[in-house]
Amino acid sequence: MRAAAILIATLLAAGISACSVGLGDECLKHCWRHLQEVPDEHGPPDMTTPPDDRFDDSCTNIWTASEKYYPPRPLLGAFQGTSCPRQAEHDVIRKVVRAIEDPAVDAYQTCDPFELEAYVTLVDAIANDAHRNCVDFLTCDRTPWDASCDIDPFLLDQQACTIPSAEALCASTILGPAQEALADLTGGPGSARPINSEFFDLYSPKICDFVPDMAGSGGEVDNCEDGGPVGVDESGSDGSGSDETGMGLAPFGDVDELVACTAGACWVEDELFTNVMESFSVFYEEGVRAEWVEIADVGPGVRLSGLDDGEYATDLLARFDVHDGDVITHVDGEALASDSKAHSILAALPERRAWALALRRWTGSRWQARALTVARQP
């Protein structure tokens, strides 16, 4: 499942894979993630038109047998890959990443073969996870023949890629580029490094061996070269001039500017999706929770809690008029009828371009029904 216990954040933080959300038993782990952008340099068919928020390459449409179907890009224009290694592997990977970030260090020379092998293994896992998410998006979770499958609802008729053509398209646009960018240890143009986050891992509670980074014995991280702690100077600052979210005093940016709401509908700028993705740890740090519940007069749903006044997550969700204690009962007409059903519905949300939510709020005397539509700005 996705996202460390937030629903609206799950909507915004597209593509976060199986190292996260707090519904049920959980275990804290380190996860590494990377967003691989889908190229959109031009529009078909003559390749000279402006970008159109679609793949630049085509797949075969299973419904029309057309070999020149250019599918839409996902919500963020990118697919995320995630991998959650054990603590020992995480510590080694962290050393390699620190070496890549240090301009005075050549990671190829200073990291030993075992350290590099651990990093390459992570890169392959992340790239393959992003590829898998891409194929799932283009094929309705690998069931493109399903009567309800339509990845492009803004076009007439149904649209979906065949599985073989989706595999090929995602290999060329996501898998290969992600492997190439992440495996480049120079830190130069075109290279990328995975981002480290701390998530709830619902699927491996028995192997949790989490140690917080930079938090005392076992948590301090060296780079490959000098064996000393890195990332913190003598004053205790990392020298970046920002807080641990990496975005200073406004981890999600100017929410008032990035979200426009009217009459139960909110339109969101792409920048906010990116900001939420990169500062997702804020929700964990502020103790925000999403819990499946079943309440008399409401029925089943996901209840949000831990939204305290004066906190970033609270301010963000308040922009959508979502508050502590609200219960989300339906998403796009589907009832969150069980814990597992909530997981499956929420897991598919980041692949959609808009969502219609049904919520219930306790007013002190009754449960008030309200509707909310969240959509990406056109």
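Derivation of every value follows stated rules applied to the coordinates shown; laboratory data play no part. What you see is a predicted model; the values in this text were computed from it and never measured. Please note: Cβ atoms are built from the backbone with ideal geometry, for glycine as well, and neighbour counts cover all protein chains shown.
For a test of the definition: using alpha carbon positions, the gyration tensor, and the 1.5 limit on a/c, classify segment 255-376 as rounded, prolate or oblate.
Rounded is the answer for segment 255-376, as its axis ratio a/c remains below 1.5.
Sort 143-150, 251-258 for me by packing, meaning the mean count of neighbouring Cβ atoms within 10 Å per residue, highest on top.
251-258, 143-150
Calculated FRET efficiency, HIS42 and ASP308, Cβ-Cβ r, R0 56 Å, to nearest 0.05?
0.75
I'd like to compare 176-188, 356-368: which one has the highest average count of other Cβ atoms within 10 Å, and what's the full order after that?
The most tightly packed comes first, giving 176-188, 356-368.
Using modelled backbone amide H atoms (1.01 Å from N, in-plane), which distant-in-sequence or interchain residues come within less than 5 Å of TYR69's amide H?
CYS59, ASN61
Between rounded, prolate and oblate, where does segment 59-100 land on the alpha carbon gyration tensor, with a ≥ b ≥ c its root eigenvalues, rounded for a/c under 1.5, else prolate if a/b exceeds b/c?
prolate
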